[in-house]
Amino acid sequence: MTTTTALILLGLGLALVAGLGAYALTLWKEVRRREAFRRDELRRAHDNCLENLELVASALLQRQVDITEGAWRCKTLLDILDPGLVERAEFRAFGEVHRRTRHLHTHSARQALSPKERFREDRERLAVEDELGEAVLEAADAALTFRRDWPGSLH
């Protein structure tokens, strides 16, 4: 192999390595951009959940929403933030109301029930609310404290 051929091959090799390096750098920057976007989306989703949690918990404490509906909504929002939150002692009432009422019909399925069946389900729901209502209100108060203390919270 001549020196000229070797230099040409060396130049092509260096150009190829430089091109691949530039491509790798572009890919690395894209991964960083996407990770930042994902973190920002997650932060916004958590902020939205926390804001909604505050609204629902406040509505519960002001008796503007039924105990069952408020407990379900709070449980769902806490599950979105972290599925383990509902297992905390201060939030267990939300999970307990959900567990004991999740079989009850809602929306159009409720409308399809006979009046007798609706009345039976209403009695069952009200019994759960009577039993767990105070615990749910305490959990709503704890949710407001939790929202205030959440890392990065503006409140």
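So, of the residues in the stretch 98-129 that are aliphatic (A, V, I, L, M) and open to solvent by less than 50 Å² (accessible area, probe 1.4 Å), which turns out to be modelled with the lowest pLDDT?
The qualifying residue modelled with the lowest pLDDT is ALA109.
Does ARG43 qualify as being loosely packed, with under 12 Cβ neighbours inside 10 Å, of a type outside the set (A, V, I, L, M, F, W, C) and in contact (Cβ under 8 Å) with a residue 60 or more places away in the chain?
Yes: the conditions hold for ARG43.
What are the pairs, 6+ residues apart or on separate chains, where a residue within the stretch 59-78 that is part of a helix (DSSP H, G or I) has its Cβ under 8 Å from a residue that is surrounded by fewer than 24 Cβ atoms within 10 Å (Cβ to Cβ) and of a type in the set (Gly, Ala, Ser)?
ILE67/GLY133; GLY70/ALA59; LYS75/GLY95
Restricting attention to the stretch 130-151, report how many residues are touching a residue at least 40 places away in the same chain (Cβ under 8 Å), under 14 Å from ARG99 (Cβ atoms) and open to solvent by 20 Å² or more (accessible area, probe 1.4 Å).
2
The values are calculated or read from the model by the stated rules, or taken from the named source; none is laboratory data. What you are looking at is a predicted structure, and each value in this text was computed from that prediction instead of being measured. Because the Cβ atoms are built from the backbone with ideal geometry, glycine has one as well, and the counts that use them run over all protein chains shown. Heavy atoms of the whole protein, side chains included, go into the accessibility calculation; ligands, DNA and RNA do not. Shrake-Rupley method; radii C 1.70, N 1.55, O 1.52, S 1.80 Å.
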